[in-house]
């Protein structure tokens, strides 16, 4: 059994939980689920499915699959998990293509964490599909979005983004990205 010193820190994001009338998940249940899988130092942030934990091994896709399977079997929750290492998270923060927006209006800067990296043609097609003032840049398995007029009224929805990029994702605003970075020691 690995000791906490031998374990690496991961950040996990649960997709589409605690939306009105959809996929209710308490953070206590999320912590308990992850602890039952043998992960340690499990901590959650906010009520939107953000978790930091220590793992003794496995690739991020393996961890995602294990978490998805356990959530479905134990909580009857069919949803996606997105797992990143602290190194991945540091890259997300460092490679932010919108530093001015991050400082000036972090609530309208979102990072969408993706299952697969989109290709350049998919990102270009998404940029062309934007009808408002939103801006997108992609880097690996992340896409960064600026919603200058807010997310609520935007026509650039998660469904459109996932369709155009050909992969599933979950988004967090820049404030939450930074808080998860601090919680994970990134």
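Nothing in this text is a laboratory measurement; each read-out follows from the coordinates by a stated rule. Predicted model only: the values in this text are computed from it and were never measured. When we count neighbours, we look across all protein chains shown, and the Cβ atoms used for this are built from the backbone with ideal geometry, even at glycine.
Note down the relative contact order for segment 1-135 as a percent, whole number, built from C-alpha pairs under 8 angstrom at least six residues apart.
This gives 25 percent for segment 1-135.
What is the distance in Å between the Cα centres of segment 119-186 and segment 35-100?
Here the two parts' Cα centres lie 18 Å apart.
When the helices in the chain are scored as -39500 (n - 2.57) per DSSP H run of 4 or longer and the sum is shared across all residues, what 222 nm value do you end up with, to the nearest 500 deg cm²/dmol?
The helix-only estimate for the chain comes to -11000 deg cm²/dmol at 222 nm.
How high is the relative contact order of segment 93-184? Use alpha-carbon pairs under 8 Å, at least six apart in sequence, and give a whole percent. Show your work: numbers first, answer last.
Details: 133 pairs, mean separation 36.8, N = 92.
With pairs under 8 Å counted, the relative contact order is 40 percent.
Could you state the angle between the C-alpha long axis of helix 174-184 and the longest principal axis of the C-alpha atoms of the chain, as a value from 0 to 90 degrees rounded to the nearest 10?
It works out to around 20 degrees.
Enter the angle in degrees (range 0 to 90, nearest 10) between the Cα long axis of helix 27-36 and the first principal axis of the Cα atoms of the chain, meaning the one along which they spread out most.
50 degrees
Please rank 69, 179, fewest neighbouring Cβ atoms within 10 Å first, as an exposure proxy. Walk me through the numbers before you get to the answer.
Details: 69 12, 179 15.
By the 10 Å Cβ count, ascending, the order reads 69, 179.
Averaging over every viewing direction, what projected area does the convex hull of the Cα atoms of segment 36-186 cover, in nm²?
Averaging across all directions leaves 9.2 nm² for the Cα convex hull.
Binned at 10 Å from 0, what are the whole-percent values of the Cα-Cα distance distribution for segment 4-86, short to long?
19, 59, 20, 2, 0
Can you sort 103, 35 so the residue with the fewest Cβ neighbours within 10 Å comes first?
With the fewest neighbours first, 103, 35 line up as 103, 35.
So how do 55-61, 145-151 stack up, highest first, on mean other-Cβ count within 10 Å?
In decreasing order of mean packing, 55-61, 145-151 become 145-151, 55-61.
Which order do 80, 41 fall in if you start with the one that has the fewest other Cβ atoms within 10 Å? Provide the component values of the computation, followed by the final result.
Details: 80 17, 41 13.
Result, fewest neighbours first: 41, 80.
I'd like the orientation of helix 60-75 relative to the chain: the angle between its Cα long axis and the longest Cα principal axis, in ° from 0 to 90, rounded to 10.
70 degrees
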